[in-house]
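Note sheet for the following structure.
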Amino acid sequence: MTVAKYNAMSLNELRQYILVHREDIDAFHAYIDRSKSEGKMISLDLSDEQWEEKVKEAIRYSSEAIRWYPSNREDGSKVSVITDWWRNLNTKSVTMYHITGMEIDRATGIWEPIQISPAVQVLINEPKIEIGERVAFVKYIDQEGLKRQIEALAIDLDLVKQNLFVWPTTSAEVFIFSVKG
């Protein structure tokens, strides 16, 4: 196939093509170049000694964060703000961070990420949050058309930094959806 044919494809069509034709290195390079130029991919300069600090600062809380958790049902306005913010991400691209390791200062409650997966760009479609008795379900359809769901024990929304922190029920981890990325 030629570069002109790759350029005629949508980014999603090109992605589907390279998944089927994994041996087509030119198509793969075209996909990476287009993903970067369209802002769908984040590059980290791992030679920059401060790269981890830059990621940590991007996802740190501000003092304006609001929190939902199961025993905090008396403040319905917080739930409305969080669910409205999430719903308004429909058809928008966000940066998603997945932190799988953290240290928490028990006295202050302040946490520090110690294991961060590379950030990825995610297109959010049909976002919704369903509040249950003991958990919330944060749902969306990604750019591949796959339904995603995170079962959360708590959800924090940082309105200043435009970050949604989703704390799953499975372990000491957090998913962070960032509009500013």
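The values are calculated or read from the model by the stated rules, or taken from the named source; none is laboratory data. Note that the structure is a prediction, hence the values are computed from the model and not measured. Every residue, glycine as well, gets a Cβ built from its backbone with ideal geometry; the counts of neighbours run over all protein chains shown.
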**Report entry** Residue selected from the stretch 114-169 under the condition under 18 Å from Asn88 (Cα atoms) and basic (Lys, Arg), by the criterion surrounded by the fewest Cβ atoms within 10 Å (Cβ to Cβ)
**Finding:** Lys147
**Report entry** Positions within the stretch 14-43 being modelled with pLDDT of 80 or more, assigned to a helix (DSSP H, G or I) and loosely packed, with under 11 Cβ neighbours inside 10 Å, in sequence order
**Finding:** Val20, Ile25
Query raised in the report: Do you know which residues across the stretch 74-93 are in a helix (DSSP H, G or I) and under 20 Å from the mean Cα position of the chain (by Cα)?
Result: Val79, Val81, Ile82, Thr83, Asp84, Trp85, Trp86, Arg87
